[in-house]
Amino acid sequence: GVFRSADLAFALNNQEQNSNASRVRPNVGLCFIDYFRTMEPSATRHTAYIGAIKRLVERNREQCDFSIVILQEGIGQRDDWLLEIFDKQKFQVMHVTSMEEATMLAASVDALVVTRYHLAILGARWRKPVVVIDHERKMGELADELALPSVTLERFLTEDIDLEWFTRPFDPSNTLRRCEKQEHLVDINFAWLDEIALPPTNSTEPVAGPR
């Protein structure tokens, strides 16, 4: 479930990633699931959602550049739908389907605004400010656990979001300590794997799991 998949994200060997120091302006990665067409279908709220995302870009475009981050294309809660509302010629588009591409993303962005749980974890492990759009309980809990700036979905739909104000208090050393705590818990959670006695290669005996 959620917690085991979070374990896997914390277990990845993917530590702090430096951004490109030659950039004049910070680059912010945007990753938004198609929430009001896949999770809580509502044409009215979908329109408000589009307006809020456009307002976010407009409010901050004089200070930041933006990239569209795509983890799931054409299926599920798909985040490639942002290409429907933005001119992709004016945005860098980052497709992330492998750890190699994730590492490229880490070098390309200075901050993230996300509705994706695992991308928030990766951003935190990269020591980057991640603004979490809290659309369900696990997102808010993750933001609290890792000391990430967050805003509820309802507030995001109705207010202007000043990214500099949201990310200013971010303390990467605090988030690092909290990530290290989670990594320690991961080690404990997966310790039973080291205790499995693997049978000889020609054995037909099943491998014992945790009891």
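Remarks
- The heavy atoms of Glu40 offer some 90 square angstrom of accessible surface to a 1.4 angstrom probe.
- Qualifying aspartates and glutamates (Cα of each under 17 Å from Cα of Lys138; at least 8 residues distant if same chain): Asp7, Glu40, Glu154
- Tensor-based shape of segment 36-114 (alpha-carbon gyration tensor, a/c under 1.5 rounded, otherwise prolate or oblate): oblate
- Listed residue (Leu119, Phe170, Leu83) projecting farthest to the positive dipole end of segment 76-197, Cβ model: Phe170
- A crude spin-label estimate for the pair Lys181 and Glu141, with each label 7 Å from Cα along the Cβ direction, gives 1.5 nm.
- Subtracting the Cα-Cα distance of Arg25 and Thr44 from 0.36 nm times their residue separation leaves 3.4 nm of extension gain.
The values are calculated or read from the model by the stated rules, or taken from the named source; none is laboratory data. None of the values given here were measured: they were computed from a predicted structure. A quick note on method: Cβ atoms are made from the backbone with ideal geometry, for glycine too, and the neighbour counts reach across all protein chains shown. With ligands, DNA and RNA removed, areas are computed over all heavy atoms of the protein, side chains included. Shrake-Rupley method; radii C 1.70, N 1.55, O 1.52, S 1.80 Å.
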